[in-house]
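Undergrad: Structure below; questions to follow.
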Amino acid sequence: QVQLVESGGGLVQAGGSLRLSCAASGIIFSINDMNWYRQAPGKQRELVAGITRGGSTNYADSVKGRFTISRDNVKKTVYLQMGSLTPEDTALYYCNANSRITHLAYWGQGTQVTVSS
């Protein structure tokens, strides 16, 4: 059974920083890309940042320059360093991992990030 566990969310003041972590366990038959999504009240889930196995990254325009995604392939963990947070960043953040072999997608339960003004 594959399991993704997010951590690091919480309440932070505007302008502050948080680092989210997501660790994968179980057999995924080699993780390809890993991503962070978020869903805010009244909005659809959106892609925040993604990183390939080789380290190529991409970011939503709204977070570019403020957030940094990274991964540890040995630990099967993806991180999201978030800085200069604003109330618009308030959302439930989900990590996602995709198998390189089966192309199956796996999702975590989410971790709440709340930014107060």
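The values are calculated or read from the model by the stated rules, or taken from the named source; none is laboratory data. Being a predicted model, the structure only gives us computed values, none of them experimental. In this analysis, Cβ positions are derived from the backbone assuming ideal geometry, glycine residues included, and neighbour counts consider all displayed protein chains. For the accessible areas, the whole protein counts, side chains as well, though only heavy atoms, and no ligand, DNA or RNA atoms are used. Shrake-Rupley method; radii C 1.70, N 1.55, O 1.52, S 1.80 Å.
Undergrad: What part of the accessible area of the chain, given as a whole %, is carbon or sulfur when the probe is 1.4 angstrom?
TA: Within the chain, the accessible surface is 49 percent carbon and sulfur.
Undergrad: Still on this structure: Would you mind calculating the gained length between R66 and T114 on full extension (0.36 nm times residue separation, minus the Cα-Cα distance), in nm to one decimal?
TA: 15.7 nm
Undergrad: How large is the Rg to Rh ratio of region 1-56 when both quantities use alpha carbon positions and Rh follows Kirkwood?
TA: Rounded to two decimals, Rg over Rh is 1.01.
Undergrad: So what is the relative contact order of region 48-89, in percent, for Cα pairs below 8 Å that sit 6 or more residues apart? Spell out each step's value before the answer.
TA: Values: 44 pairs, mean separation 12.6, N = 42.
Relative CO of region 48-89 lands at 30 percent.
Undergrad: Per residue, how much accessible area does the chain show when a 1.4 Å probe rolls over the protein heavy atoms, in square angstrom? Please list the in-between numbers first.
TA: Numbers: 6180 Å² over 117 residues.
For the chain, the solvent-accessible area averages 53 Å² per residue.
Undergrad: Relative contact order of region 1-109, please, whole-number percent, based on alpha carbon pairs below 8 angstrom and at least 6 residues apart.
TA: Numbers: 239 pairs, mean separation 39.3, N = 109.
Contact order relative to length: 36 percent.
Undergrad: Size of the dipole of region 57-117 about the Cα centre, Lys and Arg at +1 and Asp and Glu at -1 on the beta carbon, nothing else charged, in debye to 20?
TA: My answer is approximately 300 debye.
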